[in-house]
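Structure, as structure tokens:
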Amino acid sequence: MRKTIAFILFCFTLMPVDAQRVLTLDSCRNLAMNGNNQLKAAKISTEMAAYTRKAARTKYLPKIDALGGYEFMSKEVSILNNSQKTALSNLGTNSMGALTNGATEVITSLVQNGLISPEMAGELGQMLGKITTPISQMGDKLGNDIRDAFKTDTKNIWYGSVVLRQPIFMGGAIKAANRMADIAEEMALNTVDMTEQNTLHQIDNTYWTVVSLRQKLNLANSFRDLVKKLDDDVHKMINEGMTTKADGLKVDVKVNEADMAVLQVENGLALAKMLLCQLCGIPVDENIKLADEELTDLPIAVGISTSDDENNIQRPELRLLQNAVDLSAQSTKLIRAAYLPHVALTGGYLISNPNTFNGFERKFSGVWNIGVLVQVPVWNWFEGKYKIRAAKAATTIATLDLEDAQEKIDLQVRQSKYRLEEANKRLVTAQKNISSAEENLRCANLGFKEGVMESTDVMAAQTAWQQAQSQKIDAEIDVRLAILNLKKATGHLH
């Protein structure tokens, strides 16, 4: 047991404190694709567009709404006016009053004509009063009952309804709206594709920049070692009196320049790695190492296939512009539909308390209904005509923007192909120059040792060697970046 624990502790002591994280180009791409916030937002936009498209499809289906409520009225609905109410309340009194007045006039006429005596007229009046008074009271009561029967009791109203609407013909508005939703979803997908390609282009560019700077750092260190060895040899020769201090000072300056070059490349490499970490979504101060940065000669870059040329451009930007043209055309149809006849089927059920289907009965009762609604615009002072012309003009502008973008992208593709051809030629030339520079440096060092060449000749050979090596590094990276830019220009960066 003790031996096992001791072995584990020994393994931990052998582990580096600050382990490096080795990243390949594919791993950098995967990290960037999973951690890029803009790409995440673009993918969420596709979900939004999909939901919007599904919502647009529901425009074809019937809509059902339910409505219910309660209202208190300060006054109730009255079927009778005030005069009619008063007449009904005094129905018996008014009727018997007219009868009594008529009978009184008859009796008075009979007395005046001597047909009856005043005593008999008095008895007839008393008898008439005994008869009309009960009838008058009964008539007033009957009138009040009739008046009460006409009361609506509509101060407190409860109501509810269910309404169904089914579009039959909307002038093509529903179809245009659905097509616009489809185009919006396509635009969201194209935006994701564009964001992915931009992210990959930025990652690849930064990755090969780091590789280039790492190789430049190795070259700067090698050059500094060469210069320091020359400096050491020159100072030995100064001590032996074989050369002057002026030559030593020249070499010292070259050493200082080499040290400064190493420092500048180190700083540039550190900043480039921080940028790569930021793009990959990892801490910028994390110690990373790229799988290709220690390679002396980069493998041959895989170019774009023969089918992926300027005749097969798949740029998401062009697809987005084409979506804009299609969207503008559908918008014109949508505007035109607003000024065409609309037909819809309606139906529903209405319930209320009090209801009006059996007088103003104080209980819930309802009725079914079905109908057809037709809306026909008659006159709008050419508003629709002007709006349609404006929409067509917007479509024309979108079409011109698409054509202009196509021309610019065609030019960009041709430029990228020329740059790739030029980068390949520079790489071949740089590889040839390496052999010449190495042979020149070997001859200069040999001549300096034999005393037939000066230190300045050696420094010149060293500088030429450094430039040849630097040009080779630049040429290799330029080939890869030229291929990258060509794929980006043709829309085949995946």
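On region 373-432, 58 percent of the accessible area sits on carbon and sulfur atoms, based on a 1.4 Å probe. Shape analysis of region 355-494 yields a ratio of the Cα radius of gyration to the Kirkwood radius, Rg/Rh, of 1.69.
When the solvent-accessible area of region 142-278 is split by element, carbon and sulfur atoms take up 59 percent of it, the probe being 1.4 Å. Taking 25 Å as the limit for the C-alpha separation, the pairs K40/K417; K425/K487; K245/K449; K175/K392; K229/K289 exceed it in the case of K40/K417; K229/K289. Whenever you get a sec, compute what percent of the accessible area on region 21-78 sits on carbon and sulfur atoms (1.4 Å probe). Solvent-exposed carbon and sulfur of region 21-78 make up 59 percent of the total. Taking the alpha carbon gyration tensor of region 174-263, multiplying each eigenvalue by 5 and rooting it gives semi-axes of 64, 9, 5 Å, largest first. What do the square roots of 5 times the Cα gyration tensor eigenvalues come to for region 389-455, in whole Å, largest first, as semi-axes of the equivalent ellipsoid? Taking √(5λ) for each Cα gyration eigenvalue gives 61, 11, 4 Å.
Normalised per residue, the accessible area of region 145-198 is 52 Å², obtained with a 1.4 Å probe and no contribution from ligands, DNA or RNA. If you wrap the Cα atoms of region 317-420 in a convex hull and average its projected area over all directions, you get 12.1 nm². Of the residues F382, T399, G348, the one whose Cα sits farthest toward the positive end of the charge dipole of region 322-435, with +1 on the Cβ of Lys and Arg and -1 on the Cβ of Asp and Glu, is T399. Along region 331-343 the Karplus relation, 6.51 cos²θ - 1.76 cosθ + 1.60 evaluated at θ = phi - 60°, assigns HN-Hα couplings of 5, 4, 5, 5, 5, 4, 5, 5, 10, 10, x, 10, 10 Hz to successive residues, with x for each Gly and Pro.
The values are calculated or read from the model by the stated rules, or taken from the named source; none is laboratory data. A quick note: this is a predicted structure, and the numbers were derived from the prediction, not measured. Neighbour counts run over all protein chains shown; Cβ positions are idealised from the backbone, glycine included. What goes into the accessible areas is simple: the full protein's heavy atoms, side chains included, and nothing from ligands, DNA or RNA. Shrake-Rupley method; radii C 1.70, N 1.55, O 1.52, S 1.80 Å.
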